[in-house]
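Notes for the one structure printed next.
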Amino acid sequence: MKSGKRLTARRVSAAGAKHIRSVFTNLQALFSETFGLGPSATLSATVFTLLVLAFAVFWFFHSAPPNTIVMTSGDKGSRFYKQAEKYAKVLERNGVKLKILTSEGSLENLERLANPSYRVDVGFVQTGVAEGYDIRKLVSLGSVSYEPLYLFYRSPKPFERLSQFSGKKLAIGEDGTGTQILALELLRRNNIKPGGQTSLLEMDDDEAHEALLKGKIDAAFMMGDSASTDVIRDFLREPGIRLFDFTQAEAYARRIGYLNKLVLLRGAIDFGQDIPDHDVSLVSPTVELIVREDLHPALSDLLLEAATEVNGRRSMFQRRGEFPTPLDHEFRISADAQRYYKSGKKFFYRYMPFWWASLLNRFVVVVIPMALILIPGLRAIPALFRWRVRLQILRWYRALLSLEEGLTSGISNEERLERLKRLDRIEQTLGGKKVPASFADQFYALRGHIGFVRQRLQEGNGAGV
């Protein structure tokens, strides 16, 4: 059985080799007949053509967008994860599968994207968390949403400044989360630092929620990703728990470049119960859609199309169509995203299904450069060989001129016989040459001139001239 399979494999291999030789031979014949080239020029043109065609075929398939990409999102049930699921539906309509990975949030997403050995293509990253990371090979497709920071606290009277939390027990989020990074930055600017009299406790949102309700802590920082409408409603219905009003929000936004001022409008949570019962100012970073710089341009467009559909809707803090938008923070905006924001999707992708557009786009991208390389190259090869043959012909003409030199003034018989021998060697050399058809007229003319010089030498001492 095994020997039969090996025999079949050998036959297939032999048939393939025979087919390749046949193609090679036919190409040689085509170039030889079309351009009148000799064997060397024909071989060079054939090899050049096959190399260009092979590279074009390779690039055509290599440049195809992958049909699966990986997104790092957030915990199951988080806003990041729910948005990723919506992205997946948009991509699925275009024949691309989105594999979603859960994570602890922005910082883990950034760590995965910054690690070239980790298999991930795109992720949600909160602005302000990139310090200390090598992000040179990461680019942003733009900001896709606001990520408001909520600070819930227990107090009979409202606080007006963050510095009033000095000496309290504060839940600042888990280690390395975007919540903790932003909370520590805001507290630092109010002279509240780790190791001081204020207890800064690392807690996840569920722990902080329960601890604040039970009075075990005085305040809890939460990001909009985890502080859902239900959580806000629970806190604001609880007697003694308040939502901190960042009255200095505009100043924070100007001092910390990646922050924005947002306003939670009166009654936005519950009109009937008037929750909240006054406008509340908040600070908010944005969420960036971060990808690696080598992401296929077609997938970049597809992700931005998904972001427009998922994140472009009207919500509590944003107007319809406000996102996605190319806000330049820590990450540079990718060239593909800039082109998308200026002129939209590429031409074919506007009017055709994704994979058909990809096929046609790659065909144009491959065939036109191939023609620009192949046509001048095929023209250059005959020109180079003609130039080489032309140089040979000129060398022989120089030899003929040297043989004619001095004939008019007369030469000795010994010199005349020596020159005739040299002329015989030139004629013998020419007789053994394979002449390309395109140079036949020049070779026949050269032979005629050899006959002319021979006649003059045989007449002796230049007589008859």
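Just a few scattered comments:
- Within region 144-180, the set of residues being among the small types (Gly, Ala, Ser) and either under 15 Å from Leu110 (Cβ atoms) or assigned to a loop (DSSP other than H, G, I, E, B) (or both) comprises Ser155, Ser166, Gly167, Gly173, Gly176, Gly178.
- Against the conditions (1) more than 27 Å from Val125 (Cα to Cα); (2) among the polar types (S, T, N, Q); (3) open to solvent by 40 Å² or more (accessible area, probe 1.4 Å), Thr229 satisfies every one except (1).
- Those residues of region 235-280 which are of a type in the set (Phe, Trp, Tyr), assigned to a loop (DSSP other than H, G, I, E, B) and under 21 Å from Glu210 (Cα atoms), in sequence order: Phe244
- Counting the residues of region 207-224 that are hydrophobic (A, V, I, L, M, F, W, C), in contact with a Lys or Arg (Cβ under 7 Å, 6 or more places away or on another chain) and under 15 Å from Leu162 (Cβ atoms) gives 1.
- Identity of the residue in region 235-259, among the aromatic types (Phe, Trp, Tyr) and under 16 Å from Val280 (Cβ atoms), that ends up modelled with the lowest pLDDT: Phe235
- Extreme residue, modelled with the lowest pLDDT, among residues of region 370-392 that are under 18 Å from Ala445 (Cβ atoms) and open to solvent by less than 50 Å² (accessible area, probe 1.4 Å): Val389
- Only one of Thr198, Thr229 that is touching a helix residue (DSSP H, G or I) at 6+ places or on another chain (Cβ under 8 Å) and touching a residue at least 12 places away in the same chain (Cβ under 8 Å): Thr198
- If you go through region 170-183 and keep only what is surrounded by fewer than 18 Cβ atoms within 10 Å (Cβ to Cβ) and either in contact with a Lys or Arg (Cβ under 6 Å, 6 or more places away or on another chain) or free of Cβ contacts under 8 Å to residues at least 60 places away in the same chain (or both), you end up with just Asp175.
- Residue match in region 280-288 (condition: among the small types (Gly, Ala, Ser), at pLDDT below 90 and in contact with a strand residue (DSSP E or B) (Cβ under 7 Å, 6 or more places away or on another chain)): no
- Leading residue by the ranking (nearest to the chain's Cα centre (by Cα)) among those in region 45-73 that are of a type in the set (Gly, Ala, Ser) and at pLDDT below 70: Ser63
- Some residue of region 313-331 being out of contact with any Cys (no Cβ under 6 Å at 6 or more places or on another chain), within 24 Å of Gly178 (Cα to Cα) and part of a helix (DSSP H, G or I): no
- So Arg339, is it part of a helix (DSSP H, G or I) and open to solvent by 20 Å² or more (accessible area, probe 1.4 Å): yes
- Filter result for the condition that a residue is modelled with pLDDT under 95 and outside any strand (DSSP E or B), over Ile217, Ile232: Ile232
- Checking the stated criteria, Gly128 turns out not to satisfy the condition of being under 22 Å from Leu259 (Cα atoms) and within 17 Å of the chain's Cα centre (by Cα).
- Candidates in region 184-214 are the residues that are in a helix (DSSP H, G or I) and over 41 Å from the mean Cα position of the chain (by Cα); of these, the one that is surrounded by the most Cβ atoms within 10 Å (Cβ to Cβ) is Ala208.
- Among the residues of region 61-99, those identified as open to solvent by less than 30 Å² (accessible area, probe 1.4 Å), touching a residue at least 60 places away in the same chain (Cβ under 8 Å) and in contact with a Phe, Trp or Tyr (Cβ under 6 Å, 6 or more places away or on another chain) are Gly74, Phe80.
- Residue count for region 393-441 satisfying the condition of being assigned to a helix (DSSP H, G or I), open to solvent by 50 Å² or more (accessible area, probe 1.4 Å) and modelled with pLDDT of 75 or more: 18.
- Considering region 100-125, the residues that are open to solvent by less than 10 Å² (accessible area, probe 1.4 Å) and either charged (D, E, K, R) or more than 20 Å from Ile181 (Cβ to Cβ) (or both) include one that is farthest from the chain's Cα centre (by Cα), namely Val120.
- Residue that is surrounded by the most Cβ atoms within 10 Å (Cβ to Cβ) [pool: residues in region 253-303 that are in contact (Cβ under 8 Å) with a residue 40 or more places away in the chain and touching a His at 6+ places or on another chain (Cβ under 8 Å)]: Glu288
The values are calculated or read from the model by the stated rules, or taken from the named source; none is laboratory data. Note that the coordinates shown come from a computational prediction; the quantities given were computed from them, not determined experimentally. Please note: Cβ atoms are built from the backbone with ideal geometry, for glycine as well, and neighbour counts cover all protein chains shown. The accessibility values were calculated without ligands, DNA or RNA, using every heavy atom of the protein model including side chains. Shrake-Rupley method; radii C 1.70, N 1.55, O 1.52, S 1.80 Å.
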